[in-house]
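K.L.:
Would you mind keeping the following structure in view while I ask a few things?
Nothing in this text is a laboratory measurement; each read-out follows from the coordinates by a stated rule. Since the structure is predicted, the reported quantities are computational estimates derived from the model, not experimental observations. Cβ coordinates were reconstructed from backbone atoms using ideal geometry, including for glycine residues, and neighbour counts include every protein chain displayed.
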Amino acid sequence: MDGIRLSRLPISVAQAAIAVGLSPVAVQASLAPEMPMASMRHGEASGEREIDLREISSAAKVWMRTPLLIQTSHTHLFSQTLIAGLLGLIFLFSSMREGLKAAIIALPFVGTLLDIGGMWLTRFLSPALSFLVIAGGMLFALGYVLIAALSMHDLWLRKETA
């Protein structure tokens with residue numbers, strides 16, 4: 001596609017970094033109760049304009065209004081728990097100890113609750129709780145990686161003992 005390759009894109013082009021951010025300060029700014037206003041000149045119908053991909057800076061962020069927060073919460077709660085549940089179902093058949101399996105399967109669910117709950121708490125309770133969004137994202141990512149990697153290890157590399 002016109003010479004654009006994923007390997008050539010800077011880290012700042014990643015969706016999370018562009019939309020909300022990857023630091024507690026960036027998350028706080030995105031979930032702030034007050035919306036930053038775009039500057040518009042007299043006679044303009046909109047503050048929006050077309051931009052080139054090169055114009056996106058590391059400071060480009062999205063402010064999440066409450067309706068968008070509600071929409072994001074619903075779609076992520078349903079989709080992430082469905083994916084985690086299906087991955088967990090596959091992982092239940094791995095040959096690990098039951099307690100360890102239960103702990104690993106819980107990671108994406110706990111991470112999702114921390115992530116979505118952290119967004120609401122940051123928005124309506126205290127900006128200082130923005131670290132929950134990052135911690136939650138890291139937890140469910142860790143859970144997905146562990147479940148996928150350990151399941152594939154069990155499927156492809158584990159030797160059956162008689």
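K.L.:
By the scheme Lys and Arg +1, Asp and Glu -1, what is the net charge of all other residues having a beta-carbon under 15 Å from that of PHE91?
P.N.:
+1
K.L.:
With each label point set 7 Å from Cα along the Cα-Cβ vector, what nm distance links MET96 and THR161?
P.N.:
1.8 nm
K.L.:
What does a probe at ILE70 reach in region 117-139, counting residues whose amide N is under 20 Å from the point 7 Å along Cα→Cβ?
P.N.:
Output list for this probe position: 117-125.
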